[in-house]
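What follows is calculated from the coordinates using simple rules that are stated; it is not laboratory data. Bear in mind the structure is a predicted one, so any value in this text is a computation, not a measurement. Ideal geometry is used to build each Cβ from the backbone, glycine not excepted, and the neighbour counts take in all protein chains shown.
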Amino acid sequence: MAGTVRTPHPSGISNSRVDKAGGLLREWWTDFSIEMDSRYGDASEVLYDFRAGCTNPLKKVTVGLRQFAVREAVAVVTEGGRQVMPAVGQRLKRTPQILNKLARFPTMRLSQMDDVGGCRAVMTTQAEVDGILRRMRKNKWEIVRIDDYVAEPKATGYRAKHVIVRRDGCLIEVQLRTESQHEWAEAVDRTALRVDDKTASFHGLKDGHGPPELVEYFRLAADAMALEEQGEAVDDEFERRILELQQQVRPYLRRKE
Amino acid sequence: MPLHHFLLVYDLKRQELVKQLEFSDGDEAVAAYSKIEREHSEDHDVEIVLVGADSLETIRNTHAHYFARDVSREGSRYLAGV
């Protein structure tokens, strides 16, 4: 908002210094002829410190998200007498992922990257997910943006609601997923770790890079899972096509011996 | 909720977790994260990540792909074998 003074980033590093470091690292990451020297080494240290600054704000957001998730979970099922709570976890973005993102978006400023700190909640239903969103608003969380990949799935088939919030001068991404959406996303990540083809494991299958038939298989599987989650039928022709692709991509899914 | 931090090192060639360190202090965890990333900055055969939750059990769900697949969980038939 114009005229408001923002809380500085908890790392204590100015945005201009962070952005300068980000620019240098983008250069180094994308130009293979550049050798790592002290300039790039110093820039890496700025990046590490900037990321470390997200530690406490991220923790606060994760703890708050978990409270909302537990309250929102209408049906707390018990498995063998044990309460099963909605799962809430966090991560600090990996440096190679930060650099890949800077490379993918040549005008992006590192200080404005909104998912260096991220957390996610996995809920049983879409209604519970939307309940969390309501609780965020009611509790006056500073919501910067909502990316609704349920209404508009990514081209890869990815579905979830991503809420970018600002906490203590830090941008944090909150991913809200149903179990079905999460199962799919984890399956893609799991496959990316396995796939031999460097384009998939290195740049990320989840961004749609990889063997085309594998990308297509996951996209259709996501559509079918979303239909089933909404209680809609998957027609026979569509189902046949997915199962056919599933056979085709089997070599990519097999564990290396 | 006490938050536990887990520093995971996944070996892409061996296709398994080769290191798993636990921290209760967030600052210590993030210092270890930077240190290990620095040591592996030219190594493309590992994936290093710092995650956190109330327990490792939760991480096995929220970041399941780093762990051996839980075959007891029944998933969608569209993802069978993935």
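Given the DSSP H assignment, sum -39500 (n - 2.57) over each helix run of at least 4 residues in chain B and divide by its residue total; what's the result at 222 nm in deg cm²/dmol, nearest 500?
Value at 222 nm, helices only: -7500 deg cm²/dmol.
Looking at chain B, which longest stretch skips every one of the GluC sites (Glu not before Pro) that is in a DSSP loop with at most 14 other Cβ atoms within 10 Å, leaving the sites themselves out?
B:1-41
Write down Rg/Rh for the protein assembly as shown, rounded to two decimals, with Rg from the C-alpha atoms and Rh from the Kirkwood relation over Cα pairs.
Radius of gyration over Kirkwood radius for the protein assembly as shown works out to 0.95.
Helix-only estimate, please: 222 nm mean residue ellipticity of chain A, summing -39500 (n - 2.57) across DSSP H runs of length 4 or more and dividing by its residues, to the nearest 500.
Here the helix-only value at 222 nm equals -16000 deg cm²/dmol.
Any lysines with Cα under 24 Å of the residue B:19 Cα? List them, leaving off those in the same chain fewer than 8 positions away.
Qualifying lysines at Cα under 24 Å: A:59, A:93, A:198, A:256, B:35.
By the scheme Lys and Arg +1, Asp and Glu -1, what is the net charge of all other residues having a beta-carbon under 12 Å from that of residue A:153?
0
Round to the nearest 0.05 the FRET efficiency obtained for residue B:21 and residue A:94 when R0 = 22 Å and r is the Cβ-Cβ distance.
The value I calculate is 0.90.
Using DSSP to define loop residues, name the GluC sites (Glu not before Pro) in the stretch A:22-131 whose beta-carbon has at most 10 other beta-carbon atoms within 10 Å.
Sites meeting the loop and neighbour criteria: A:35.
What per residue convex hull volume, in Å³, comes out for the stretch B:4-79 when only alpha-carbon positions are used?
Hull volume normalised by residue count: 98 Å³.
Which FRET efficiency value, to the nearest 0.05, is calculated for residue A:36 and residue A:233 with the Förster distance at 35 angstrom and r the Cβ-Cβ distance?
With a Förster radius of 35 Å, E is 0.05.
If you find the alpha carbon centre of the stretch A:7-78 and of the stretch A:173-192, how far apart are they in angstrom?
21 Å
Averaged across orientations, what area in nm² does the convex hull of the alpha carbons in the stretch A:1-159 project?
12.6 nm²
Which whole-number percentage describes the relative contact order of the stretch B:4-79, with Cα contacts under 8 Å and a sequence gap of 6 or more?
35 percent.
Among B:49, B:18, B:30, which one shows the biggest mean-square fluctuation in a GNM of chain B, springs joining Cα atoms closer than 10 Å?
Maximum fluctuation in the GNM of chain B, among the listed residues, is at B:18.
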